[in-house]
Amino acid sequence: MQDSTDYVPLAMLNALAYCPRRFGYEYIQAEMLVNEHVVEGTLRHQGVDLGGTAWLSEAVQERRVYVWSEQLRVAGFCDLVEVRDGQRYPVEYKKGRPGRWKSDHVQLCAQALCLEERTGETIDRGYIFYFAVRRREEVVFTEELRAEVTQIAAEAQRLAAAGILPPPINNPAKCRDCSLEPLCMPEELRRLAELAGREDMP
């Protein structure tokens with residue numbers, strides 16, 4: 001079980017926003033299944049993970065920037081922090097394509113909140129670069145998104161302190177897309193619960 005005083009990694013907010021059980025496996029139990037998607041994501045990040053600063057004609061880019069927030073008790077790395085036209089914003093790299101799940105937005109906004117604490121600046125937007133489509137998606141840090149990040153960060157601390165693996169979610173589409181599905185076995189657990197419920201009936 002994780003110490004409740006620990007700073008939760010920024011990437012784990014992404015996991016929790018996607019599925020509490022995924023967060024439980026990856027953070028509370030430190031379980032990870034390495035498949036082709038995980039390997040591809042690691043390879044895609046190699047250039048970013050080297051770190052360093054690049055001065056471009058229109059921007060300054062700093063790679064692999066460590067940030068943290070005392071308020072949220074989260075910490076981790078921004079893939080890229082870019083300063084352009086006097087504005088600072090985070091850029092996150094993802095191997096896939098923009099999807100219907102907004103967990104990537106939560107992770108990016110959490111990075112911005114960390115940067116705001118560290119710099120005293122207001123950061124109103126950031127970007128996610130998806131390798132599958134080779135373009136950036138703009139993410140505006142609305143009050144609603146900021147509130148969601150704050151709530152998820154608090155929930156991460158609560159779950160970590162409890163140290164209990166959350167139950168599977170009832171979302172077959174998310175489960176199908178999740179790399180931990182073979183470990184989690186959500187459908188099998190749902191069927192077992194149904195059978196147990198029938199056995200308990202008079």
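Scanning for something touching a residue at least 12 places away in the same chain (Cβ under 8 Å) and touching a Phe, Trp or Tyr at 6+ places or on another chain (Cβ under 8 Å), does region 138-148 turn up at least one residue?
yes
Can you tell me how many residues in region 65-93 are free of Cβ contacts under 8 Å to residues at least 40 places away in the same chain and of a type in the set (Lys, Arg)?
The number of residues fulfilling the criteria is 2.
Residues 173, 147, 156: which one is within 30 Å of residue 194 (Cα to Cα), at pLDDT 95 or above and not charged (D, E, K, R)?
From the options 173, 147, 156, the qualifying one is 156.
State whether the residues of region 120-128 include one that is without any contact (Cβ under 8 Å) to a residue 60 or more places away in the chain, more than 23 Å from residue 71 (Cβ to Cβ) and among the hydroxyl-bearing types (Ser, Thr, Tyr).
For region 120-128, residues without any contact (Cβ under 8 Å) to a residue 60 or more places away in the chain, more than 23 Å from residue 71 (Cβ to Cβ) and among the hydroxyl-bearing types (Ser, Thr, Tyr): present.
Quick one: in region 77-114, which of the residues that are under 20 Å from residue 59 (Cα atoms) and basic (Lys, Arg) is farthest from the chain's Cα centre (by Cα)?
84
Out of all the residues in region 63-103, which are outside any strand (DSSP E or B), over 19 Å from residue 27 (Cβ atoms) and of a type in the set (S, T, N, Q)?
Within region 63-103, 71 is the sole residue that qualifies.
For region 167-176, how many residues meet the condition of being touching a residue at least 60 places away in the same chain (Cβ under 8 Å), surrounded by fewer than 17 Cβ atoms within 10 Å (Cβ to Cβ) and either within 17 Å of residue 30 (Cα to Cα) or of a type in the set (D, E, K, R) (or both)?
1
Looking only at region 6-24, count every residue that is surrounded by 24 or more Cβ atoms within 10 Å (Cβ to Cβ) and of a type in the set (Ser, Thr, Tyr) and tell me the total.
Count: 0.
Select from region 143-172 the residues that are in contact with an Asp or Glu (Cβ under 9 Å, 6 or more places away or on another chain) and either of a type in the set (D, E, K, R) or not in a helix (DSSP H, G or I) (or both) and list them in ascending order.
If the condition is that a residue be in contact with an Asp or Glu (Cβ under 9 Å, 6 or more places away or on another chain) and either of a type in the set (D, E, K, R) or not in a helix (DSSP H, G or I) (or both), then 168 is the only one that fits.
State all residues of region 103-114 that are over 18 Å from residue 154 (Cβ atoms) and surrounded by fewer than 22 Cβ atoms within 10 Å (Cβ to Cβ); if no residue qualifies, say none.
Scanning region 103-114 gives a single hit, 104.
Kindly provide the set of residues from region 176-197 that are modelled with pLDDT of 75 or more and among the small types (Gly, Ala, Ser), ordered by number.
179
The values are calculated or read from the model by the stated rules, or taken from the named source; none is laboratory data. It should be emphasised that the depicted structure is a prediction, and the values quoted were computed from it without experimental measurement. Virtual Cβ from ideal backbone geometry, glycine too; neighbours counted across all protein chains shown.
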